[in-house]
Amino acid sequence: MRIGQRLGSGRCADVYELDEQWVLRRYRDGLDATRELPVISYLSASGYPVPRLGPRPPSAGPGDLILQRLTGPTLLEALLSGAMDGAEGSVLLARLLADLHTVPARLSQDPEDRILHLDLHPDNVMLTPDGPVVIDWSNTEEGPPALDRAMTAVILAQVAVDPDHPAAGGARELLTALVPHLLLAEGGLPDRHLADAAARRTANPTMRPAERDLIGEAVALVTTLSR
């Protein structure tokens, strides 16, 4: 497996070029990527827009994923450039969450549980020529859809309440437009799931102290917008 140039980096993984069709996503912190494989495969078979999985060579480590090479901006880039406004972005995010939550759980025996992304925000949506594709399934679990909605809302709210973040205004606009859509979904945004989302964000080892300090204010903003 010949690894080319690095194409991008996230909080805990890097993406490298393999060829025109495939990229390598590699964790830096020892996380096992193989747990994502059956979820991505299951969602792809269900018709949900995820990257295709590539052939996994024997040299691939447990932290490696071979994924379809996607072209196009992220939703975040489209929002920041003005190619898409907050109202349009909110409709897309709400639809991607709603569509995901129509997919039955793969393992859970609870009929109410669904596949959850738990990190579905604008930088994890690629706007390809064939439509939006949701990337980065490292946090995926099965559970109540309202928790997924709460996580998305809290993540956006953390940016919106950060006075030093250059995208704070855009994040507030997007969140303000998104919350009514989330409230219309079955189950809405219960306080208990907002609390769970806040606890998960607080426990996230990639969170900087300054980001953790904003979580309480972020939940308060989502709660205010939900009233």
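Couple of notes before you dig in:
- Whether the stretch 39-159 is rounded, prolate or oblate, judged on the alpha carbon gyration tensor where a/c under 1.5 counts as rounded: oblate
- Phi angles across the stretch 86-91 convert, under the Karplus curve 6.51 cos²θ - 1.76 cosθ + 1.60 with θ = phi - 60°, into 3J(HN,Hα) values of x, 5, 5, x, 5, 5 Hz, Gly and Pro given as x.
- Residues Arg192, Arg200 ordered from highest to lowest accessible area at a 1.4 Å probe: Arg192, Arg200.
- Crossing angle, helix 168-184 versus the chain [Cα axis fit, 0-90 degrees, rounded to tens]: 80
- Taking the charge dipole of the chain about its Cα centre, with +1 at Lys and Arg Cβ atoms and -1 at Asp and Glu Cβ atoms, the residue from Ala150, Pro104, Thr206 reaching farthest to the positive side is Thr206.
- Residues whose amide H falls under 5 Å from that of Gly63, counting only those 5 or more places apart or on a different chain, are Ala33, with hydrogens built in the peptide plane.
- Mean residue ellipticity at 222 nm, helices only, the chain: -13000 deg cm²/dmol; runs of at least 4 DSSP H residues each add -39,500 (n - 2.57), and the sum is divided by the number of residues.
- For Thr74, the residues 5 or more places off, or on other chains, whose built amide H falls under 5 Å of its own are Leu127.
- Based on protein heavy atoms only, the chain ends up with 49 Å² per residue of surface accessible to a 1.4 Å probe.
- Among the GluC sites (Glu not before Pro) found in the stretch 118-227, those both in a DSSP coil and sparsely packed, with 10 or fewer other Cβ atoms within 10 Å of their Cβ, are Glu186.
- Structure remark: mean-square fluctuation, Gaussian network model of the chain, C-alpha springs under 10 Å; the largest value among Ala150, Ala60, Ala160 belongs to Ala60.
- Taken about its Cα centre, the chain carries a charge dipole of roughly 360 debye when the Cβ of each Lys and Arg holds +1 and the Cβ of each Asp and Glu holds -1.
- Accessible-area value, Leu184, 1.4 Å probe, nucleic acids and ligands omitted, Å²: 150
- When its C-alpha radius of gyration is set against 2.2 N^0.38 Å (N residues), the chain gives a value of 1.00.
The values are calculated or read from the model by the stated rules, or taken from the named source; none is laboratory data. In this text, all values refer to a predicted model and were calculated from it rather than measured experimentally. Quick reminder, even Gly has a Cβ in these numbers, built from the backbone with ideal geometry, and neighbours come from all protein chains shown. Each accessible area value is taken on the protein alone, full model and side chains, heavy atoms only, with ligands, DNA and RNA left out. Shrake-Rupley method; radii C 1.70, N 1.55, O 1.52, S 1.80 Å.
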